[in-house]
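The values are calculated or read from the model by the stated rules, or taken from the named source; none is laboratory data. Computed from a predicted model, the values in this text were never measured in an experiment. Reconstructed Cβ throughout: ideal geometry from the backbone, glycine too, with neighbour counts over all protein chains shown. These area figures cover heavy atoms from the full protein model, side chains too; ligands, DNA and RNA do not enter into them. Shrake-Rupley method; radii C 1.70, N 1.55, O 1.52, S 1.80 Å.
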Amino acid sequence: MNLKRLEMYGFKSFADKTVLEFKDGITGVVGPNGSGKSNISDCIRWILGEQSLKALRGTKTEDIIFAGTQNRKPLGFAEASLVFDNVDGKLPIEYSEVTVSRRLYRSGESRIFYK
């Protein structure tokens with residue numbers, strides 16, 4: 001079982017839908033300060049169930065959701081998904097691809113989805 005893809009929408013600095021594909025081998029994330037590298041690891045932790053806002057470098061629930069800019073309005077929710085390749089059958093289910101998603105609304109309502 002391998003991590004195949006990370007999909008983010010409205011998570012912290014990722015206002016637009018962003019998809020990161022993980023191919024075989026080693027994947028590195030590089031970029032200048034403030035470009036969102038740490039937000040990627042925060043997103044993965046959040047999808048997998050992290051509850052501590054402090055661990056996600058935030059202080060309140062809304063810190064997870066894109067807050068807006070001078071040119072762009074804040075979003076009403078954040079959603080992110082991890083897609084795993086299960087072709088080898090390590091997960092005891094009949095699907096070759098498994099997706100775990102999490103969504104958080106500004107109201108504080110949160111949902112986790114598996115498919």
On a 0 to 90° scale, report how tilted helix 37-47 is relative to the longest principal axis of the chain, with both axes built from alpha carbons and the result rounded to the nearest 10.
70
Under a 1.4 Å probe, what is the accessible area of the chain per residue, stated in Å²?
65
Just one of (1) 35, 11, 10; (2) 22, 17, 13; (3) 26, 17, 12 is semi-axes √(5λ) of the Cα gyration tensor in Å calculated from these coordinates, so which is it?
(3)
Can you give me the solvent accessible area of Lys37 with a 1.4 Å probe, rounded to the nearest 10 Å²?
70
What's the lysine pair count for the chain at a Cα cut-off below 23 Å, pairs eight or more apart or interchain?
22
Arg111 accessible area, 1.4 Å probe, all protein chains in place, Å² to nearest 10:
110
For Lys17, Lys12, write out the residues from largest to smallest accessible area, computed with a 1.4 angstrom probe and no ligands counted.
Lys17, Lys12
Estimated dipole of the chain in Debye, rounded to 20 [Cβ of Lys and Arg +1, of Asp and Glu -1, Cα centre]:
440
Using the Cα centre of the chain as origin and beta-carbon charges of +1 (Lys, Arg) and -1 (Asp, Glu), tell me which of Asn39, Ala80, Val98 is placed farthest towards the positive end of the dipole.
Asn39
Considering only Tyr9, Leu20, Thr61, whose Cα is most displaced toward the positive end of the charge dipole of the chain, charges sitting on Cβ of Lys, Arg (+1) and Asp, Glu (-1)?
Thr61
Spelling out what I want: for every residue of segment 9-25, take phi, set θ = phi - 60°, compute 6.51 cos²θ - 1.76 cosθ + 1.60 (Karplus), and round to whole Hz; glycine and proline get x.
9, x, 8, 6, 7, 9, 5, 8, 4, 10, 10, 10, 8, 10, 8, 4, x
Counting only protein heavy atoms, what percent of the accessible surface of the chain is carbon or sulfur at a 1.4 Å probe?
52
Return the sequence-ordered ³J(HN,Hα) values of segment 49-64 in whole Hz as given by the Karplus equation 6.51 cos²θ - 1.76 cosθ + 1.60 applied to θ = phi - 60°, using x for Gly and Pro.
x, 4, 9, 7, 5, 4, 5, 9, 6, x, 10, 9, 3, 5, 5, 6
Among Asn39, Asn71, Asn86, determine the one that fluctuates most according to a GNM of the chain built with springs between C-alpha atoms less than 10 Å apart.
Asn71
Apply the Karplus curve 6.51 cos²θ - 1.76 cosθ + 1.60, θ = phi - 60°, to the phi angles in segment 81-98 and return the couplings in whole Hz, x for Gly and Pro.
9, 10, 10, 10, 8, 10, 4, 6, x, 4, 7, x, 9, 7, 8, 8, 9, 10
